[in-house]
Amino acid sequence: MSVYQLRNYQQAAVDATLTHFRGSDAPAVIVLPTGAGKSLVIAELASLAKKRVLVLAHVKELVEQNHDKYQSYGLTAGIFSAGLKQKNTQHQVTFASVQSVSRNLAAFSQHYSLLIIDECHRVSDDSDSQYQQVIAQLQQFNPRLKVLGLTATPYRMGVGWIYQYHHHGIVRSYEARVFKHCIYELPLRYMIKHGYLTPPQCIDASIAMYDFSSLCATRNGEYKRDEVNTLLRQQQRASLSIIEHILQQAQPRKGVMIFAATVAHARELLGYLAGQSCALITGDTPLGERDAIIQQFKQQEIKFLVNVAVLTTGFDAPHVDFIAILRPTASVSLYQQIIGRGLRLAPDKTDCLVIDYAGNQFDLFYPEVGEPKPASDTEPVQVLCPACGFGNIFWGRTDNSGKVTEHFGRRCQGLFEMEGETPMACDYRFRFKSCPQCNAENDIAARQCHECGQVLADPDDKLKAALKLKDAMVIRCAGMVLSEQQGKLLIRYVDEDGTELTERFDFKHSGQVQVFNRDFGKRLCCANKPARIEQLAVALQFAEHFVKPDFVVAKKHKHFWRISDKIFDYEGPYRKANELS
């Protein structure tokens, strides 16, 4: 029996786990914000288990923290971690580092009923990864091994969501993931509202900021070190002004964490902090020295702790009340992890000051969208599915009144779940590629029709082929104008230089009505309100709500140009209208 009174959400997470694994062996995830007490949830679940349990973490601090919490129940558990100088598997419950277990798989040649993975967003689907080696080893002795992951950020840049289905009826991925279901999630806003975390005080860096806008993030949401260093060398004056501003703002603060962009940048910042109680931790800092610095910081012997990408998870210093972000990131999850370092409760702590000097332009309470941010002026927007009514969260743009004017969602994330049946995803697509054979809607990146198997032309191949032809014209469509001409609908496509291509639709002919609706009717209002348009007057009425193509391809026919193809929802190397090259 628990010696702790679990908070209501902790108990809900435990109950959700028990319910799920009583009916399924599918790997599951629990999402709890930093500071929500994951170690307590882990301890409770491990104490309830009847058979062997292995709890994995990626750093020794988490292994020790989770082990201590379990033993505070009055129970005994083993530790298997080279960093903690213990390799013990004789107890029912073992807390271990994934590195140590993967190097000693033979020591785990026993039946384990439950594998718990802390910070499970680190788990890769690569079969050669350390986590996958451990899972495969345990499954040899128990094919029905239950795998539970816990994380505050269930998303990996370059991969996407780490699970497929959310318990609120959301499809996160249409591809297989390491974890099948998210069975419980608690929002950060709830934790702050109910006093379980310290409120963040986010203010603008009005004095000085870095300009990282010229950098392009990699697929993993990071930035190339050499490019960052080159840019920072050009902005050394900004670095000095930023440190001066940090020192001014830090006067009433107890603990300041400074997140630098690169090691060279961190050393530069440390130089500007000369004379202050400060220290630097990087990935190259020897473990003994790192442990000593962290201990000094926790005891408030050091006030300013500069670090480079090493203290975003598995680090607990509740007195931290100032987070200074001096590094760029394209990851909402990483941004939230960084700020989470300052949100734990501590005596006499009323808030945590957060200043973003890198212009990342994220809101701490942004929901994770599941895709890289397409442009700096985009934000998470809610888009209702016209087929099932599900409220999707996509990147998008809004006008001054908050109305969504554009979004980048591809497919509805709605999920239909019936007890005892396989979950069924809503098949509505906001952005699609039509099959020329059967007219089925496919993902814009599809190479083969999901209905009839027809090979779908790559839009890049279409553009490349058209650009090589002497009798073909390709325009980047910057605008589209609809008007009436002799009882027909005239559409003029205009590029950036004013070049025009035109086509006509006669609504008296069913074939042309079908083509118009395939291209435009289904995409009405960004595909949020698809409609079948059968009258010229109605088409003109909705003129400003139709989505223009990104490219229009035409071929020379005698003395005029005849449009042969229109490319919508383009994503590729060719520049679209009004985009910088």
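The values are calculated or read from the model by the stated rules, or taken from the named source; none is laboratory data. Remember, it's a predicted structure, so these values are computed and weren't measured experimentally. Heads up, the Cβs are rebuilt from the backbone with ideal geometry, glycines too, and the neighbour counts pull from every protein chain shown. The accessibility values were calculated without ligands, DNA or RNA, using every heavy atom of the protein model including side chains. Shrake-Rupley method; radii C 1.70, N 1.55, O 1.52, S 1.80 Å.
Can you give me the angle between helix 130-141 and the longest principal axis of the chain, using Cα atoms only, in degrees from 0 to 90, rounded to the nearest 10?
Once rounded, one gets 80 degrees.
I need to check one value: relative contact order of the stretch 8-186, counting alpha carbon pairs closer than 8 Å and at least 6 residues apart, in percent.
The value is 29 percent.
Could you let me know the centre-to-centre spacing of the stretch 16-65 and the stretch 301-348, using Cα atoms, in angstrom?
Centre-to-centre (Cα) distance: 24 Å.
Sorted by accessible area (1.4 Å probe), largest first, how do 72, 113 line up?
Largest to smallest exposure gives the sequence 72, 113.
Taking the Cβ of residue 123 as the center, what net charge do the other residues with Cβ under 10 Å away carry, scoring Lys and Arg +1 and Asp and Glu -1?
0
Near the amide H of residue 52, under 5 Å away, which other amide H atoms are found, from residues 5 or more places off or on another chain, if H is placed in the peptide plane?
Those lying under 5 Å, H to H, from residue 52 are 113.
Rounded if a/c is under 1.5, else prolate if a/b is larger than b/c, else oblate: which is the stretch 456-567, with a ≥ b ≥ c the root eigenvalues of its Cα gyration tensor?
Since a/c reaches 1.5 and a/b is larger than b/c, the shape of the stretch 456-567 is classed as prolate.
Sorting 157, 424 by accessible area (1.4 Å probe), largest first, what list results?
424, 157
Helix-only estimate, please: 222 nm mean residue ellipticity of the chain, summing -39500 (n - 2.57) across DSSP H runs of length 4 or more and dividing by its residues, to the nearest 500.
-7000 deg cm²/dmol
In Å², and per residue, what accessible area does the chain have when probed at 1.4 Å with the other protein chains present?
Each residue of the chain exposes 48 Å² on average to a 1.4 Å probe.
What relative contact order, as a whole-number percentage, does the chain give when Cα pairs under 8 Å and 6 or more residues apart are counted?
9
Suppose we keep just the DSSP beta bridges with both residues in the chain; what percent of those would be antiparallel, to 5?
Here the share of antiparallel DSSP bridges comes out near 50 percent.
Note the angle between two axes, namely the Cα long axis of helix 60-71 and the longest principal axis of the Cα atoms of the chain, as a number of degrees from 0 to 90, rounded to the nearest 10.
60
What longest range of the chain stays clear of loop-exposed trypsin sites (Lys or Arg not before Pro) (DSSP non-H/G/I/E/B, at most 13 other C-beta within 10 angstrom)?
The longest such stretch corresponds to 225-402.
What number comes out for the charge environment of residue 111, summing +1 per Lys or Arg and -1 per Asp or Glu over other residues with Cβ under 9 Å away?
+2
Please return the longest range in the chain lying between exposed loop sites, taking GluC sites (Glu not before Pro), DSSP loop only, at most 15 other beta-carbon atoms within 10 Å, and leaving the sites out.
The reported range is 1-174.
Quick one: compute a quarter of the convex hull surface over the Cα atoms of the chain and quote it in nm².
31.2
For the stretch 197-356, rounded, prolate or oblate, judged on the Cα gyration tensor with a ≥ b ≥ c (square roots of eigenvalues), a/c < 1.5 rounded, else prolate if a/b > b/c?
In terms of gyration-tensor shape, rounded.
By the scheme Lys and Arg +1, Asp and Glu -1, what is the net charge of all other residues having a beta-carbon under 9 Å from that of residue 473?
+1
For the Cα atoms of the chain, what angle does the longest principal axis make with the long axis of helix 287-298, in degrees from 0 to 90, nearest 10?
Approximately 90 degrees, to the nearest ten.
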